Amino acid sequence: MSELKHIGIIGATSPIGKSIIELFVNNFFLTITYRSKDIIPHNYLKHPKIKWVYIDLMSPMPIKKNYFQNCHAIIWVAHVMQSQTREEEIKFNLLAIKSLLSILPYTSINKIVYISSGGSIYGNPFHVPITENHPLNPLSSYGKSKKAVEEILLDYHNQTNISVAILRPGNIYGPESITGRSKGVIASYIISTQSHKPFTIIGNKDVIRDFLYIDDLAQAVKFAIFSKKKKIIWNVGTETGHSVYYIINFLSDILNKKPSHIYYQKSQYSEILINILSNKRIMNESNWTVTTPLNTGLQKLVSIMIKDKKDKYHAT
């Protein structure tokens, strides 16, 4: 894609989206969607290479023809979160992606990179590490939504010349823990520990997950954008699993403190007991590699958090 100059990002005010912006903003023009100006990073609000476009993905046909007219590629990060019913979550996500596909003939877009979910789309695996050819048996409405959107995109790819790259990351974590916007176990535990508040583990503390540092996902997006392959399906993971129990003990050691109390709450949904993603395909088809193993990433988060607290203290 040597002609690539302008990229659209849908869902860029999320922690993942912000990491992707940082990777691309110096070399490309970006058209970025938002739903609330309050969560747009101030340093990007009036950036000369960024055009901000308001959309509400839960509205009928939220994406208009002129929004991405000059873009050559779209990175879809957004997910329409749980509505009143699980069926509605799937419906709204399908309507949103179909809205994008409907305007593609009026644009210069020739590639879509879609952030799916390797952590939820496979369900309970028959084998680990899980390869991309593993059957898709999601248990949650989130995973079912991701599967449905993947199917729509692959069907569209088969009918057109539009390239499609589907990325299936593991459990993503990163500096969003400082803001408190993340719902992940790592961010929540750090916040509870630092504020000496109770922490609740929902579900089985011994479930195994493949934790992926957010910058490694952003790098995978970069490799997908520049790949010459017309169709990509990549797991993005470390091929290593850790339990929630391991995470909270490791964080307690490096923080040298614990929450005021740890509670255990049974999950109301069926749980995936183990999720470890094979990363052989992405490493064979690109130069991507894991740059931040879990222990390194957790130590990095704690360092960022301590620095942030010191900066706020000196600013007062």
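None of the figures in this text is laboratory data; all of them are computed from the coordinates on show. Please read all numbers here as calculations on a predicted model, not as lab measurements. Backbone-built Cβ (ideal geometry, glycine too); neighbour counts: all protein chains shown.
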Next item on the list: Kindly provide the helix-only [θ] at 222 nm of the chain, computed as the sum of -39,500 (n - 2.57) over DSSP H runs of four or more divided by all residues, to the nearest 500 deg cm²/dmol?
Entry: -11500 deg cm²/dmol
Margin query: Which entries of Lys146/Lys258; Lys147/Lys300; Lys144/Lys205 have Cα-Cα distances beyond 26 Å here?
Written below: Lys146/Lys258; Lys147/Lys300
Check: Angle, helix 185-194 long axis vs. longest principal axis of the chain, Cα atoms, 0 to 90°, nearest 10?
Finding: 40
Notebook entry, point to check: From the list [x] 33; [y] 40; [z] 13, can you say which value of percent of Cα pairs over 38 Å apart was derived from the structure given?
Noted result: [z]
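What ranking of Phe211, Phe68 emerges when the number of other C-beta atoms within 10 Å of each C-beta is taken as an exposure proxy, fewest first? Working shown, then result.
Working: Phe211 24, Phe68 27.
Ascending number of Cβ neighbours within 10 Å: Phe211, Phe68.
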Next item on the list: Report, to the nearest 10°, how far helix 86-103 tilts away from the longest principal axis of the Cα atoms in the chain, using its own Cα long axis and a range of 0 to 90°.
Entry: 40
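With charges set only on the Cβ (+1 for Lys and Arg, -1 for Asp and Glu), what does the dipole of the chain come to about its Cα centre, in debye to the nearest 20?
Numbers: 37 positive and 22 negative charges, 127 e Å.
The dipole of the chain has a size of about 620 debye.
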Item checked: Likely footprinting exposure, Thr107, Thr238, fewest C-beta neighbours within 10 Å first -> Thr107, Thr238
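All other residues with a Cβ under 11 Å from the Cβ of His196 taken together, and with Lys, Arg as +1 and Asp, Glu as -1, what is their net charge?
Numbers: positive: Lys197, Lys257, Lys258; negative: none.
Here the charged neighbours net out to +3.
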Margin query: Once you keep just the Cα pairs under 8 angstrom separated by 6 or more residues, what percentage relative contact order results for the chain?
Written below: 17
Check: DSSP loop chymotrypsin sites (Phe, Trp or Tyr not before Pro) in the stretch 122-177 with at most 11 other Cβ atoms within 10 Å of their Cβ, which ones?
Finding: Phe126
Check: If the chain between Leu45 and Thr200 were fully stretched, how many nm would it gain, using 0.36 nm times the residue separation less the Cα-Cα distance?
Finding: 52.2 nm
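Only bridges with both residues in the chain count here: give the DSSP antiparallel percent, nearest 5. Could the numbers behind the result be given before it?
Numbers: 2 of 39 bridges.
Here the antiparallel bridges make up roughly 5 percent for the chain.
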Next item on the list: Identify which of Ile201, Ile109, Ile90 has the largest mean-square fluctuation in a Gaussian network model of the chain, with springs joining Cα atoms closer than 10 Å.
Entry: Ile201
Item checked: Nearest 10 degrees, 0 to 90: helix 294-315 Cα axis against the chain principal axis -> 80
